Structures are given as structure tokens and as C-alpha cells.
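The values are calculated or read from the model by the stated rules, or taken from the named source; none is laboratory data. This structure is a prediction, so every number in the text was calculated from the model and none was measured. Ideal geometry is used to build each Cβ from the backbone, glycine not excepted, and the neighbour counts take in all protein chains shown.
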Amino acid sequence: MTSNLAVPATGRDAGVPWHFGDPLREQRQLSTGAGVIDRSNRDVLVVPGQDRLGWLHSICSQHVSSLADGDATEALVLSPHGHVEQHWQVTELGATVWIDTEPGAAADVLGYLRKMQFLKRVEPADVSAEWAVLSLVGPASATILTLSGFPVPDAAGRAVPIPGGGFVRRMSWPGADAVDLLVPRGRAEGIVEALVEAGAQRAGLWAFEALRVEARRPRLGLETDHRTIPHEVGWIGSAVHLDKGCYRGQETVARVQNLGRPPRRLVLLHLSGESDTLPEAGTPVESDGRAVGFFGTGLHHFDLGPVGLAVIKRALPDDATLTVSGQPVAVDVR
């Protein structure tokens, strides 16, 4: 689902537009008006069945047993040692739990669900070929939804069905008006066109990612590695519920919560701007020639300039001398 004017994304986000020729203007549009972003590369799974909520509650980090119809949240799957393995966006609607996750992650998610299924009355399935995720971001989003005939999530942010299939749910960031639309894949382009006719602008994933980086929101596989624990990247509360028990990795979560700060932290870095080529995800962050962390997502932001997220040792002071790929970087202390 791409426009002829679209410059395609590459790597893990191949298959959706990266930008439409003016990425910085597209970013501004998400801050001042409304932009629609094709995120149909995300994988989508469903979990129908009578036992779905209690069962998922027992195998993920979030409290989902009491989700009401339309409730949406985030959840993690942790290793036995508390390291992050999976990140889910979860929506309970129409007696089904919908999970959307990173591109290419469906096989791992489905494999985990089936491994943990035992005799529970649930039927997890990968429906990525039939369903697509779109995002509508910006202060005018609610107006655009109304003008285009789509429902607007209520004040509590609950997901609401779209006539003809799918739903609209409020995003937890970057603002109260940002929403995701999960829609039948065959209708996705028509829905984008309806939103554009109502006043939204097409925006590429670059614009969406710029707001994510500005908000210091981690992304699995970019701001995480095999050692990441939820406390390090800000997933406590949003994706990990501290008042529930009996899930894999809980001991590590409780120990870090009770005994002190985690060994690393997620930070926003300002890059020097000496090169238009930004560091790749996984590039070491160094101090005095020693690796003290790793770089995640880097991009040019319409207001902040060249920036990126990184995970660094917590003990490092904010004014430490840091480099990435030999170029100086500075921690944003806001």
C-alpha cells in the first residue's frame, strides 16, 4: 500500500513509505495538523476463546485479566531472567484479544502462545495477511476522524469498532488525539484516501519515528538488546504492571524495583551534525575509548536536528564525553 510519490523504507520497515519527499514538513504536520502513516508492516495476531484474558494475564507482564471491551494496553514477554523478548500492543474487543507487534515478529509471538496454550480454550492465530495498522497523528485527528465518518475513541480512550470491520484505538503517545486504526488490509488504501480527503496529509514512517524518538519511547530490537530489562527503557507502568504476580521474569522486575536503579538507562542524544549519515542501530556508544552503551534509532528531527536514542550505563553523568562512530554526542538532560 504505497503512493507513487513515496520513498520506501528499508530494513525492518521495508514495505511502507519512509517519506513522501519532504520528511521535515511531514513531521511538522504531525505536530500542527494531522498526518496518516502507513504502518501496515506490523504483524497482527488474534486470540479468541473463553479463557483468553486469564490465560494471557498469566503469561505476559501486564494486568489483562480484567480488560473490558475496548480496553487497550501494552505488554511484554520476558525471559526467565527478566530480559525483554517481545513487545505487544493489546486490544480487547468483540470477545477477541488483538495483538499487534513488530514487523516479522508474528512467528515468535505465535510460537510462544502455542507453547503456553496447554488445555486452555483459546485459538491464537496470525492474521497479518488480512489486517493492517494505520496511524493518525496530530491535534486535528479527532476532527479528521469525524469528517471522514470514522468513530472517535471515547474520553477513556477505549477502542471503538469501525463499520465494515476493524477498530480505532487511542495511542498512549504522542498526544491525546493520536490514534491507531486496525483495518482490513484490502480496505487500507481506501481508508487512507478518506482520511486525506477529510484533511489529513500523508506522512511517512520517518515522521512517526521522529515523534517516537522525541518522546523517548523505546522500540523492540532498536533500543533493546538481549540484556534489556524493562526498567532500563521506561516500560514499567506502561507495559509492566507492578501489582500482579506469577509471570515469567517477575523476580527480576521485583528485585530491581525494590533494591535500586537498573544498570542502564534510555537517553536522547544530540548528534554533532558533521555528517548526513547517522549511526546504525547497535553502534557502540563510547567514552574514553570504552563502550558504555549502544545506539538505537537515529534520524533528523524537524526541530531538534540530528538526534537518536541510546541505552547507556546509568552511572555515567549527563555531561560525560561520549562519541558514536567517532563523532561527539551529548545527552539531552530534559
Out of Val77, Val36, sole residue that is over 23 Å from Val196 (Cβ atoms) and at pLDDT 95 or above:
Val77
Within region 65-80, considering residues that are touching an Asp or Glu at 6+ places or on another chain (Cβ under 8 Å) and over 20 Å from Asp154 (Cβ atoms), the one surrounded by the most Cβ atoms within 10 Å (Cβ to Cβ):
Leu76
Which residue pairs have Cβ atoms under 8 Å apart, sit 6 or more places apart or on different chains, and have a first residue in region 305-326 that is touching a residue at least 60 places away in the same chain (Cβ under 8 Å) and a second that is among the hydroxyl-bearing types (Ser, Thr, Tyr)?
Gly308/Thr297; Leu309/Thr297; Val311/Thr224; Val311/Thr228
With the checklist (1) under 19 Å from the mean Cα position of the chain (by Cα); (2) free of Cβ contacts under 8 Å to residues at least 40 places away in the same chain in hand, flag the one item Trp18 doesn't pass.
(2)
Does Asp69 meet the test of being acidic (Asp, Glu), within 22 Å of Ala239 (Cβ to Cβ) and assigned to a helix (DSSP H, G or I)?
no
Hand me the list of helices (runs of 4 or more DSSP H) wholly inside region 119-216 holding 1 or more residues that are among the acidic types (Asp, Glu).
188-197, 205-214
What number of residues in region 84-103 are surrounded by 15 or more Cβ atoms within 10 Å (Cβ to Cβ) and either part of a loop (DSSP other than H, G, I, E, B) or among the hydrophobic types (A, V, I, L, M, F, W, C) (or both)?
9
Considering every residue within region 281-299, establish whether at least one is more than 22 Å from Arg25 (Cα to Cα), in contact with a Leu (Cβ under 8 Å, 6 or more places away or on another chain) and part of a loop (DSSP other than H, G, I, E, B).
yes
Flagged in region 219-236 as more than 15 Å from the chain's Cα centre (by Cα) and in a loop (DSSP other than H, G, I, E, B), in numbering order, are Asp225, His226, Arg227, Thr228, Ile229
Please verify whether Gly54 is among the small types (Gly, Ala, Ser), closer than 25 Å to Ala105 by Cβ and part of a helix (DSSP H, G or I), treating the condition exactly as stated.
yes
Before we move on, is Arg216 over 16 Å from the mean Cα position of the chain (by Cα) and either under 29 Å from Ile59 (Cα atoms) or in contact (Cβ under 8 Å) with a residue 24 or more places away in the chain (or both)?
no
